1. Would you pick out the residues in region A:165-200 that are in contact with a Ser or Thr (Cβ under 7 Å, 6 or more places away or on another chain) and polar (S, T, N, Q)?
2. Look through B:208, B:152, B:224, B:213 and report the one residue that is among the aliphatic types (A, V, I, L, M), more than 30 Å from residue A:275 (Cβ to Cβ) and at pLDDT below 95.
3. When you go through B:104, B:66 one by one, which is the residue that is over 24 Å from residue B:211 (Cα atoms), of a type outside the set (Val, Ile, Thr) and open to solvent by less than 70 Å² (accessible area, probe 1.4 Å)?
4. Looking only at region A:49-63, decide whether some residue is open to solvent by less than 10 Å² (accessible area, probe 1.4 Å) and over 20 Å from residue A:205 (Cβ atoms).
5. Restricting to region A:254-269, and then to whatever is crowded, with 19+ Cβ neighbours inside 10 Å and more than 8 Å from chain B (Cβ to nearest Cβ), can you tell me which residue is modelled with the lowest pLDDT?
6. Which residue out of B:244, B:186, B:224 is crowded, with 24+ Cβ neighbours inside 10 Å, within 11 Å of chain A (Cβ to nearest Cβ) and among the small types (Gly, Ala, Ser)?
7. Counting only residues that are over 20 Å from the mean Cα position of the chain (by Cα) and among the hydroxyl-bearing types (Ser, Thr, Tyr), which one in region B:54-83 is nearest to residue B:33 (Cα to Cα)?
8. Quick check: is even one residue across region B:37-47 of a type in the set (A, V, I, L, M), open to solvent by less than 40 Å² (accessible area, probe 1.4 Å), in contact with a Leu (Cβ under 9 Å, 6 or more places away or on another chain) and closer than 14 Å to residue B:97 by Cα?
Number of protein chains: 2
Amino acid sequence: MSGPAQAGTRRASLLIIGGGEDREHDMQILERFVALCGGPDKRIVVLTAASRVPAKMWTIYDAAFGGMNVGSRKPVHVASRLEANDAAMAAEVAMADGIFLTGGDQKRLLAQAGGTRLDEALHAALARGACIAGTSAGASAMSAHMLADGKADLHPEKGAVSLGAGLGFLPRVVIDQHFSQRHRLARLLTVVAQNPYLLGVGIDEDTALLIEAGGSIEILGAGAVTVVDGRHMVSNVADIRNRAVPEMVDVRLHLLPSGSRYGAAGDSATPAAFSDFLNIVTNIA
Amino acid sequence: MSGPAQAGTRRASLLIIGGGEDREHDMQILERFVALCGGPDKRIVVLTAASRVPAKMWTIYDAAFGGMNVGSRKPVHVASRLEANDAAMAAEVAMADGIFLTGGDQKRLLAQAGGTRLDEALHAALARGACIAGTSAGASAMSAHMLADGKADLHPEKGAVSLGAGLGFLPRVVIDQHFSQRHRLARLLTVVAQNPYLLGVGIDEDTALLIEAGGSIEILGAGAVTVVDGRHMVSNVADIRNRAVPEMVDVRLHLLPSGSRYGAAGDSATPAAFSDFLNIVTNIA
């Protein structure tokens with residue numbers, strides 16, 4: 001599967017993966033990542049800082065990218081803020097063609113890397129046209145307002161979910177992962193009820209939302225991406241007690257299955273109701 | 001809890017319960033049913049035809065309504081279409097002040113009762129101003145287009161759910177129950193993807209949607225009611241293969257927690273985006 005971004009071309013892109021991407025068989029998403037980086041001759045780094053088992057993470061992706069004949073692949077392990085400010089490491093990240101953020105805990109990743117040279121280097125790489133991919137915690141970390149903690153099992157629940165400061169590639173989005181598999185719609189609606197400025201984006205396992213500079217998005221992999229847009233919502237959330245279920249009237253929901261494309265590179269028509277979302281979500285920085 | 005319908009007043013109403021209503025402790029929903037019927041001195045019948053264990057069903061509701069001092073309470077057991085056409089039984093149902101449809105299997109209920117004198121008697125009772133309550137299968141049976149079979153666990157799936165002909169009190173609605181507890185949003189979206197004429201209404205356990213002639217609705221009980229409105233939706237469902245996940249852009253979702261009221265009797269403001277839904281759902285027949 002090649003898709004619109006052929007090896008050799010390059011523009012900034014985010015590949016936001018809902019966890020559990022295939023690493024051994026078809027590897028559709030990881031193959032696409034390599035293509036977005038410009039092909040197997042490009043420089044790819046794997047940032048393991050979200051994980052408490054970074055060596056194990058590297059073993060997995062070393063094997064996967066090795067199997068795709070990526071010659072220049074290496075891990076970036078960051079065990080402290082001091083290490084995240086290492087100038088040589090940061091220079092290497094800034095010059096990478098592709099950066100892969102592993103799973104783990106997004107709070108750990110941001111606590112180590114937020115506001116460091118590594119953080120700046122990630123933005124510099126994106127500005128140079130790199131592809132930044134992140135899976136699970138690495139996906140959640142990509143937005144400015146990051147889903148940090150909390151759960152809401154059956155219904156949205158006021159105060160049940162907390163946000164933190166993420167890496168900030170996407171300014172008006174909040175990302176959740178393992179979305180359908182872990183029944184996280186109630187959690188995402190919880191965020192949107194309280195923060196209707198943010199568009200909620202839920203990404204399934206082995207599924208990715210690809211956002212390309214230039215204004216297009218694409219869904220790839222096994223599942224779907226769910227978008228909840230609360231900007232038109234009428235809600236009583238400001239008035240109810242903590243932990244109560246808010247009224248939420250007129251939330252706009254979009255279900256985007258794998259294979260969907262919208263925007264500049266799209267071969268699906270972009271519905272009018274959706275173009276505004278597209279403008280927001282493709283505003284990557 | 002009395003609510004707007006006091007004992008003594010009477011107008012036609014539907015009390016649509018998502019299953020698992022409390023029958024032993026606070027009995028909020030069943031108490032409300034008795035009030036909607038006009039109070040404990042009114043005639044209540046319990047229709048067990050959805051169930052394969054009708055005697056057991058009657059034991060449960062006999063105890064519950066007995067505990068509320070309902071003097072005139074009796075079961076209507078219907079084991080065949082012949083029995084569902086019994087004139088004496090039908091006359092009793094038609095003259096009842098309240099009819100309670102138990103759980104079981106909505107297909108069983110409709111196969112026995114659909115198009116019979118019992119069916120006509122239910123409509124006649126409603127026209128006389130009775131309250132018809134239904135729980136679980138009895139809830140699903142209330143709409144004209146009835147969710148009959150099928151499931152969709154993680155995503156909407158073309159062709160995964162089948163509809164049948166229900167009792168037809170609600171012409172443009174499809175009802176699902178045990179909604180949040182069994183994670184049935186994907187199933188309800190499956191129906192709406194293929195049938196955007198229908199508004200999807202998902203009702204949680206121990207939760208009821210009360211619809212009153214005159215144009216008001218109210219949510220009561222422990223959970224919430226979820227509405228999905230696909231009338232503005234853009235979708236590729238007509239073009240994809242069976243069992244594929246449809247694109248669904250701009251589905252309108254309303255989450256209505258217990259305590260919400262809208263319309264004529266409402267003390268919550270009715271948001272503009274919602275009034276059209278209200279008009280449709282209160283069009284009971």
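The values are calculated or read from the model by the stated rules, or taken from the named source; none is laboratory data. No experiment lies behind these values; they were computed from the predicted model shown. Cβ sites come from the backbone with ideal geometry, for glycine too, and all protein chains shown count toward neighbours. Protein only, heavy atoms only, side chains kept; ligands, DNA and RNA dropped before computing areas. Shrake-Rupley method; radii C 1.70, N 1.55, O 1.52, S 1.80 Å.
1. A:177
2. Working: B:208 fails: at pLDDT below 95; B:152 fails: more than 30 Å from residue A:275 (Cβ to Cβ); B:224 fails: at pLDDT below 95.
When all the criteria are applied, what remains is B:213.
3. Just a single option satisfies the conditions, and that option is B:66.
4. yes
5. Looking at the filtered set, the residue picked out is A:263.
6. Working: B:244 fails: crowded, with 24+ Cβ neighbours inside 10 Å; B:186 fails: crowded, with 24+ Cβ neighbours inside 10 Å.
Checking each option against the conditions leaves just B:224.
7. B:72
8. For region B:37-47, residues of a type in the set (A, V, I, L, M), open to solvent by less than 40 Å² (accessible area, probe 1.4 Å), in contact with a Leu (Cβ under 9 Å, 6 or more places away or on another chain) and closer than 14 Å to residue B:97 by Cα: present.
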